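Q: Below is the structure I would like to discuss, written out as structure tokens.
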Amino acid sequence: MTPSEPVPPAEPLTPSEPVPPAEPLSPVSRTALSVARVRAYESSRPDPLFVDPYAAAFVEAAGLPLPTSGSGGDLAKALVAHGILRTRFYDDRLLAAGADQVVLLAAGLDTRAYRLDWPAGTRVFELDLGPVLAFKEQVLDGIGARPRSGRTTLPADLLDPDWPARLVAAGFDPSRPSAWLAEGLLVYLSPEEAAGLLTAVAGLAAPGSRLLTEKGGDVAATPQDPALAHITDLWRGGLGPDTHGWLDRHGWTTGLTALDRVGATYGRPLSRPSTRGFIEAVRRTGD
């Protein structure tokens, strides 16, 4: 596929009427719509950290209201702030990784293949469950969106052991450095599932490859908010606060950037201190 370089539209593109998924999305998959609402909200601000011109299309296609500012309690506001900073941070780090193979694990409604200024020759692989990718294609095709990179979608359950072989069969080359993104994913997995997934990634990541993900937290300590139970009740914790330690012990060299620092860097200081942060791990030689 030859990358194209369309200019993103100045205004969000939206379908003329709701186009619900042909197949129902699982509860975890539906959280991608919540993330899209956050991106749509940020994109509508006069001073956005990023512009996702497609996020509102997903929200409206699902028949959901577009987000407004000032709603929700402390936990909701913290999650929105985290989602906004996370999006921009990962945008910047993926582009800086210098890899022409980019793998988005549980890609959901991610539109980075469409909205980032990728170097020529970049190929983005998007892995997620079939109904999610089908809904995504339906909406993007309906508004005439065109990717700015080579793009391959791969319907896959990341808990199945066959997805690495299927990724290679789809054109991924494990002998060359790559960039991997596990955005908002590990928290929905058990410790064993998260370890299994990251072990599979390590088996495909050549030395020098980069992995981006979040520093885990103690989900049991998450404040209760009934309005967000449809999200927080699904959290299983992943590898928790020791995510970067686990990666260090399994062939990666990790760096940790605190959420507070990210907020300050982008001119969005947090209203209260946070123990959260983002991990950028580099695959070591010989591991």
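Q: In sequence order, what are the phi-derived ³J(HN,Hα) couplings for segment 173-179 according to the Karplus relation 6.51 cos²θ - 1.76 cosθ + 1.60 with θ = phi - 60°, rounded to whole Hz, with x for glycine and proline?
A: 3J(HN,Hα) across segment 173-179, in whole Hz: 10, x, 7, 10, x, 9, 10.
Q: Please order Val102, Val124, Val51 by the number of other Cβ within 10 Å, starting at the fewest.
A: Val51, Val102, Val124
Q: In deg cm²/dmol and to the nearest 500, what is the mean residue ellipticity at 222 nm of the chain if only DSSP H runs of at least 4 residues count, each as -39500 (n - 2.57), divided by the residue total?
A: About -10500 deg cm²/dmol.
Q: Kirkwood hydrodynamic radius, the chain, all distinct C-alpha pairs: what's the number in Å?
A: 19.3 Å
Q: Taking the mean number of other Cβ atoms within 10 Å as a proxy for protection, how do you rank 106-113, 157-164, 218-225, 139-146 from highest to lowest?
A: Ranking the peptides 106-113, 157-164, 218-225, 139-146 by packing returns 106-113, 139-146, 157-164, 218-225.
Any read-out appearing in this document is the output of simple, stated calculations on the displayed coordinates, not a laboratory observation. None of the values given here were measured: they were computed from a predicted structure. Ideal geometry is used to build each Cβ from the backbone, glycine not excepted, and the neighbour counts take in all protein chains shown.
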